[in-house]
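Structure record follows, encoded as structure tokens.
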Amino acid sequence: MAGPLQGLRRLPALLCRPPWQALPKPRPFLLLGFRDCRALETPQVRTLATKKVKAKGKSQVRVNINTSLVEDIISLEELNEEMSLVVKTLQENFNKTLSIRTNPGALDSIIVATKDGKFPLNQLAQISQHSAQLLVVNMSSFPESTAAAVKAIQQSGMNLNPEADGLLIRVPVPKITREHRENLVTVAKQLTNKAKESLRKVRTGAMNQVKRAKGTTSEDTIRLIEKQIQQMTEDATEEMDKLLAAKMKELLV
């Protein structure tokens with residue numbers, strides 16, 4: 001009865017409609033095929049998920065893998081620590097060797113090649129600041145390494161000209177000239193390139209470790225882990241580039 005009653009209610013409106021006014025068009029039925037139905041299905045969520053982020057105006061897909069799900073293939077936490085250590089070492093090298101104001105600590109990390117091996121200068125000598133323009137290196141504990149220490153200081157890239165005086169090595173502090181600043185920038189770039197080489201070695205080792213799991217792991221999972229490793233490498237590289245840019249600005253300002 002509901003159908004006929006609804007039709008009777010609409011009849012007066014239809015009879016009163018002016019002849020020039022068109023009847024409302026009936027709504028078409030939407031026929032969905034198999035493919036259309038599949039398109040309307042709720043997408044499945046991957047366990048190893050990715051997400052899109054915008055960086056510098058471009059849409060990039062960032063990977064965010066649950067480390068516990070792939071720990072039998074590779075430890076991403078340990079890999080992150082290795083890459084972070086490379087960045088941290090670069091920062092420490094910048095602080096030790098690229099200071100505009102030369103101080104005794106700037107000579108500590110200079111590596112001296114002796115007949116017994118390679119050692120930091122501060123393990124072979126006592127380094128002190130005699131005046132604002134002079135550092136003194138006392139080699140009395142290892143006198144046989146005096147010549148090697150002089151050579152190491154000369155080749156440190158810090159624009160230093162040491163002078164041996166018996167068991168003492170006098171190191172005049174150069175004036176802060178534009179040329180000296182530019183020399184330090186060159187050293188900063190060399191240290192950064194060396195750090196990037198170390199980072200590439202860490203990345204290569206991780207990629208090789210993942211490839212060894214191809215026989216027992218799906219290709220999709222392998223590709224996702226490789227993307228995660230590449231993303232971590234790019235993040236570390238970007239961090240090193242920021243350190244270099246900041247150091248160059250400090251040196252050339």
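The values are calculated or read from the model by the stated rules, or taken from the named source; none is laboratory data. All values derive from a computational prediction rather than experimental measurement. Because the Cβ atoms are built from the backbone with ideal geometry, glycine has one as well, and the counts that use them run over all protein chains shown. Each accessible area value is taken on the protein alone, full model and side chains, heavy atoms only, with ligands, DNA and RNA left out. Shrake-Rupley method; radii C 1.70, N 1.55, O 1.52, S 1.80 Å.
Structure summary
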item: Residues (within 39 Å of the chain's Cα centre (by Cα) and either open to solvent by 40 Å² or more (accessible area, probe 1.4 Å) or of a type in the set (A, V, I, L, M, F, W, C) (or both)) located in the range 134-155; result: LEU134, LEU135, VAL136, VAL137, ALA148, ALA149, VAL150, LYS151, ALA152, ILE153, GLN154, GLN155
item: Boolean, THR221 is in contact (Cβ under 8 Å) with a residue 12 or more places away in the chain, hydroxyl-bearing (Ser, Thr, Tyr), under 30 Å from SER68 (Cβ atoms) and open to solvent by less than 70 Å² (accessible area, probe 1.4 Å); result: yes
item: Search result, residues across the range 203-218 that are more than 15 Å from LEU85 (Cβ to Cβ) and open to solvent by less than 50 Å² (accessible area, probe 1.4 Å); result: MET207, VAL210, ALA213, THR217
item: Search result, residues across the range 51-86 that are hydroxyl-bearing (Ser, Thr, Tyr) and either at pLDDT below 55 or on the phi > 0 side of the Ramachandran plot (or both); result: SER59
item: Condition broken by GLU226, with the remaining ones in (1) assigned to a helix (DSSP H, G or I); (2) open to solvent by less than 30 Å² (accessible area, probe 1.4 Å) satisfied; result: (2)
item: Criterion: at pLDDT below 95, in contact with a helix residue (DSSP H, G or I) (Cβ under 8 Å, 6 or more places away or on another chain) and of a type in the set (Lys, Arg) - qualifying residue of LYS214, LYS189; result: LYS214
item: Breaking point among (1) closer than 20 Å to GLY157 by Cα; (2) touching a Leu at 6+ places or on another chain (Cβ under 9 Å); (3) at pLDDT 95 or above, for ALA245; result: (2)
item: Condition check for THR97: at pLDDT 60 or above, touching a strand residue (DSSP E or B) at 6+ places or on another chain (Cβ under 9 Å) and either under 30 Å from ASN183 (Cβ atoms) or surrounded by 14 or more Cβ atoms within 10 Å (Cβ to Cβ) (or both); result: no
item: Filtered residue count, the range 187-202, keeping only those that are open to solvent by 70 Å² or more (accessible area, probe 1.4 Å) and either among the β-branched types (Val, Ile, Thr) or under 17 Å from the mean Cα position of the chain (by Cα) (or both); result: 6
item: In the range 160-171, the residues that are of a type outside the set (Asp, Glu), out of contact with any strand residue (DSSP E or B) (no Cβ under 7 Å at 6 or more places or on another chain) and surrounded by fewer than 14 Cβ atoms within 10 Å (Cβ to Cβ); result: GLY166
